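Trainee: Here you go, one structure.
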Amino acid sequence: MTQDAPGSPTARNDDEQDDHRVDEQNVQGAQDEPVEQAAGDVGDQRPEARLERAVRAAEQALIEFEIAVETFRVEVENFSRLHHQKLGPMYSRLDELDALIAEARAARTGDPEDLRKAQEARAMVMPMPGVDELFHNWIDSDGLSPEAAAMLTDQSVQPPKRVRPSEEVRRLYRELARKAHPDLAQEESERTRREEFITRVNAAYGRGDEALLRQLSQEWEAGPAPQPPRLSESEELYARLEWLAQRKELLTLVAKELEDSAIGAMLRMAPDDPDRLLEEIAEQLLAQVAERERELAGLMQ
């Protein structure tokens with residue numbers, strides 16, 4: 001039986017929206033504005049040159065949008081982990097109490113409908129395990145989890161590490177993402193190099209590893225210099241703009257899915273102090289547990 005997350009929305013600090021909310025309208029404005037400015041430039045007014053400036057502006061806007069989406073994704077993932085660790089046992093207790101109450105009521109009335117409800121409530125307490133549960137969270141997107149590796153090598157198993165990237169980690173990540181983003185590549189080989197590098201950057205950011213991000217920054221600076229922009233034919237530039245638009249649409253769907261998720265909505269309730277939100281929810285869940293226990297005691301008399 002799934003419990004609705006208690007809590008009510010709180011006022012948001014608009015200055016923090018880049019960290020806790022993906023604002024697609026602002027990104028769209030960032031894409032449009034440089035295009036309008038390009039039309040008024042006094043430099044090269046050839047159609048190809050103006051179109052190239054529009055492509056570069058759209059590329060930069062898309063990169064900023066991707067950074068915002070990835071930042072929010074990591075925050076949702078981290079908050080989901082904390083939510084599960086802190087509140088999971090309370091939700092389980094509520095499910096167990098709901099099942100006990102339904103069973104006590106069915107035993108008292110003998111009504112077939114009450115018996116059916118009791119069976120359904122009990123089934124919710126003992127769901128079929130998922131793949132993650134079967135493997136005890138040993139396997140994640142990177143393969144064996146650190147806990148699994150520790151157990152297989154007879155090392156002590158550490159509890160899951162709380163990860164919340166610091167401001168410096170966020171700064172390093174954004175700086176690297178802007179410099180090395182694959183969308184800046186002009187050749188396929190350069191795109192491949194950047195994609196592999198950004199994958200490592202994203203992994204380091206997800207772990208909040210400031211030291212590794214600094215190493216990656218040094219590695220990028222020492223690596224092959226990006227190729228200078230080259231003037232493309234108008235057909236290629238139009239195709240590039242079309243691809244950028246499609247990529248933005250895809251990211252918009254990802255951002256909406258994150259924002260519409262239960263955890264994303266909860267995180268946006270208190271972007272400045274998510275820990276306090278968890279405490280408030282925990283207090284409300286404890287109150288619900290106490291209420292269910294009183295109801296159960298009344299049925300057992």
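Trainee: All but one of (1) hydrophobic (A, V, I, L, M, F, W, C); (2) surrounded by 14 or more Cβ atoms within 10 Å (Cβ to Cβ); (3) modelled with pLDDT of 85 or more hold for Leu253; which doesn't?
Mentor: Only one criterion in (1) hydrophobic (A, V, I, L, M, F, W, C); (2) surrounded by 14 or more Cβ atoms within 10 Å (Cβ to Cβ); (3) modelled with pLDDT of 85 or more is unmet by Leu253, namely (2).
Trainee: Which one of these does Leu152 not meet: (1) touching a Leu at 6+ places or on another chain (Cβ under 9 Å); (2) closer than 30 Å to Leu237 by Cβ; (3) modelled with pLDDT under 90; (4) of a type in the set (A, V, I, L, M)?
Mentor: (2)
Each row is one residue, and each column tells you yes or no for (1) open to solvent by 60 Å² or more (accessible area, probe 1.4 Å); (2) modelled with pLDDT of 85 or more; (3) more than 21 Å from the chain's Cα centre (by Cα).
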| residue | (1), (2), (3) |
| --- | --- |
| Leu97 | no, yes, yes |
| Ala104 | no, yes, yes |
| Thr109 | yes, yes, yes |
| Arg116 | yes, yes, yes |
| Gln119 | yes, yes, yes |
| Pro127 | yes, no, yes |
| Ser141 | yes, no, no |
| Val157 | yes, no, yes |
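Trainee: Which of the numbered conditions does Ser189 fail, given that it passes all the others? Conditions: (1) within 24 Å of Leu267 (Cβ to Cβ); (2) assigned to a helix (DSSP H, G or I); (3) among the small types (Gly, Ala, Ser).
Mentor: That leaves (1) as the condition not met.
Trainee: Take Glu64 and tell me if it is open to solvent by 20 Å² or more (accessible area, probe 1.4 Å), among the acidic types (Asp, Glu), over 30 Å from Glu283 (Cα atoms) and within 26 Å of the chain's Cα centre (by Cα).
Mentor: It is true that Glu64 is open to solvent by 20 Å² or more (accessible area, probe 1.4 Å), among the acidic types (Asp, Glu), over 30 Å from Glu283 (Cα atoms) and within 26 Å of the chain's Cα centre (by Cα).
Trainee: Looking at (1) farther than 24 Å from Asp98 by Cβ; (2) among the aliphatic types (A, V, I, L, M); (3) open to solvent by 80 Å² or more (accessible area, probe 1.4 Å), can you tell me which one Leu286 breaks?
Mentor: (1)
The values are calculated or read from the model by the stated rules, or taken from the named source; none is laboratory data. Nothing here was measured: the structure is a model prediction, and the numbers come from that model. Glycine gets a Cβ as well: all are built from the backbone with ideal geometry, and neighbour counts include every protein chain shown. In case anyone asks, the SASA skips ligands and DNA or RNA and just uses the protein heavy atoms, side chains included. Shrake-Rupley method; radii C 1.70, N 1.55, O 1.52, S 1.80 Å.
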